[in-house]
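Below: the structure, in structure tokens.
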Amino acid sequence: MRRRSLLIAVPAGLVTLAACGEEDSGSSNAGDSTTSGASDASAPPKIVDGPLPAITAGTKFGEKPTVAKGGGEPSKDLAVKTVIAGGGKSVAENDFVLADYLGQIWESAMVFDNSYDRKTPLIVQLSKEAGIIDGWRYALGGKKAGSRVEFSVPPTLGYGEQGNEQAGIKGSDTLVFVVDVQDAFNAKSSAKGKEVPQDDAALPKVGTNTDGKAPSIEVPKSDAPKKLVAEYVLEGDGAEVGAQETVLVQYKGVVWDGGKEFDSTYGRKQLTSFSLQQVVKGWSQGLTGKKVGSRVLVVIPPELGYGDNPPEGSGIEKDSTLVFSVDILAKM
């Protein structure tokens, strides 16, 4: 059964992008096989070096690993080992982590979930608010992108006494994970694509800085376009975004008339994720087919935005044309 195992929660603040009359949950259509069921630890747990079972095959970064059955009694503490040390950015609490992973039960070596077979890495936020088990939060904190990390999670840092029936995990089971950390994103992340010329004087010009700060948006003093505009500012080299997928983004939105900002992840200092099925049509149509790693200028005419019914308190007037700079950091 296809299953997403790490629940991702959406930060508050996306209300101004929700399609009128629709609920904007924004979270991935996730299952529960590694969603936290244990109570939150009041302090960081003790971390030890082992014991940990051997990785017997698939030993390279990015390869699906085969992990031996646990020998003897597992540690009551969180056991963590960096199997392959990466040289990328360090992962911190509240970061979003892009990773492949395999999870199995210590005693039986039964694999209950893995992303390698799905051929789609998972992106998850390392925060208790996101519902991730504490074992993941503490095992991956401080690790660098490009690293393979193996760790064992006792029930107290996993699903507690109730376990996870759907995943076949009992309340007494210690879990073993192998995680390949591919990348990490936080509030200072930016698209890193190739700069694309912005030659059309009739369209807004978007800044090309990649320092994590909000790009400038210069709106021309001319009539707004009548049709949707979705143009690369920075063109990434990642996979194209599908119409039904969920994306992780930085964005800034201004109104065409006057260029006043009405919403921004940069101002909240918090990334956001959402399904393209849960936002206004201009967003879903404008971002579909665009590549991960890109910054995109999106100009949305009223009929693809909010028309005569903008969200209350958004600062958007009726029949406004909206202008966005959107950094597509990852897709889920």
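Across the chain, Cα pairs under 8 Å and at least six residues apart give a relative contact order of 18 percent.
Calculate the dipole size of the range 32-185 relative to its Cα centre from +1 charges on Lys and Arg beta carbons and -1 charges on Asp and Glu beta carbons; express the result in debye to the nearest 20. All intermediate terms of the calculation are to be shown ahead of the outcome.
Details: 15 positive and 20 negative charges, 97 e Å.
Here the range 32-185 has a charge dipole of around 460 debye.
Give, as a single signed number, the net charge of other residues whose beta carbon lies under 15 Å from the beta carbon of K60, with Lys and Arg counted +1 and Asp and Glu -1. If you can, show how the numbers build up before the last one.
Values: positive: K64, R148; negative: E63, D100, E150, D180.
Within the 15 Å Cβ shell, the charges total -2.
Direction-averaged projected area, Cα convex hull, the range 168-313: 12.1 nm², rounded to one decimal.
Projecting the Cα atoms of F112, G146, N164 onto the charge dipole of the range 101-169 (Cβ charges, centred on the Cα centre) puts G146 farthest toward the positive pole. Close amide-amide hydrogen proximity is noted between L78 and K46, V48, each under 5 Å apart and 5 or more residues distant or on a separate chain (H modeled in the peptide plane; Pro and chain starts excluded).
Converting phi to 3J(HN,Hα) with the Karplus coefficients 6.51, -1.76 and 1.60 and the offset θ = phi - 60°, the range 98-114 yields 9, 8, 9, 7, 9, x, 9, 8, 3, 6, 9, 6, 6, 7, 9, 6, 7 Hz in sequence order, with x at every glycine or proline. The phi-based Karplus calculation (6.51 cos²θ - 1.76 cosθ + 1.60; θ = phi - 60°) puts the 3J(HN,Hα) values of the range 267-284 at x, 7, 6, 7, 5, 9, 10, 6, 7, 5, 8, 10, 10, 4, 4, x, 5, 5 Hz, whole numbers, x for Gly and Pro.
Take every pair of alpha-carbon atoms less than 8 Å apart whose residues are at least six positions apart; their mean separation over the length of the range 32-185 yields a relative contact order of 33 percent.
Of V298, V111, how do they rank once you tally other Cβ atoms within 10 Å and put the fewest first? Don't jump to the answer; show the numbers that get you there.
Values: V298 24, V111 17.
Ranking V298, V111 by Cβ neighbours within 10 Å, fewest first, gives V111, V298.
Each residue of the range 303-320 is assigned a 3J(HN,Hα), and the resulting list reads 5, 9, x, 10, x, 9, 9, x, x, 4, x, 7, x, 9, 7, 4, 6, 8 Hz, derived from the Karplus form 6.51 cos²θ - 1.76 cosθ + 1.60 (θ = phi - 60°), x at Gly and Pro. Simple spin-label estimate for K260 and S127 gives 2.9 nm between the two label positions (7 Å along the Cα-to-Cβ direction from each Cα).
Here is the link list: K119/K227; K89/K170; K60/K89; K64/K89; K252/K318. Which ones come out longer than 26 Å on Cα distance? Mind showing how you got there, number by number?
On the way: K119/K227 36 Å; K89/K170 35 Å; K60/K89 20 Å; K64/K89 23 Å; K252/K318 19 Å.
With Cα atoms farther than 26 Å apart: K119/K227; K89/K170.
Charge dipole (Cα centre; +1 on Lys/Arg Cβ, -1 on Asp/Glu Cβ; no other charges) of the range 231-280 amounts to roughly 360 debye.
Considering only alpha-carbon pairs that sit under 8 angstrom and 6 or more positions apart, the relative contact order computed for the range 194-331 is 30 percent. In this structure the amide hydrogen of F274, modeled in the peptide plane, comes within under 5 Å of the amide hydrogens of V247, none closer than 5 places in sequence on its chain. Near I132, the amide H atoms lying under 5 Å from its own belong to S36, S127; only residues 5 or more places off or on other chains count, and H is placed 1.01 Å from N. Using the Cβ-Cβ distance between K144 and V48 with R0 set to 25 Å, the FRET efficiency works out to roughly 0.75.
Applying 1/(1 + (r/R0)^6) with R0 = 25 Å to the Cβ-Cβ distance of A243 and T59 gives a FRET efficiency near 0.10. Partner aspartates and glutamates whose Cα lies under 14 Å from the Cα of K331, excluding those fewer than 8 positions away in the same chain, are identified as D100, D183, D237, E240, E245.
Every read-out reported here was derived from the displayed coordinates using simple, explicitly stated rules and does not represent laboratory data. Owing to the predicted nature of the structure, the values given are computational and were not obtained by experimental measurement. Reconstructed Cβ throughout: ideal geometry from the backbone, glycine too, with neighbour counts over all protein chains shown.
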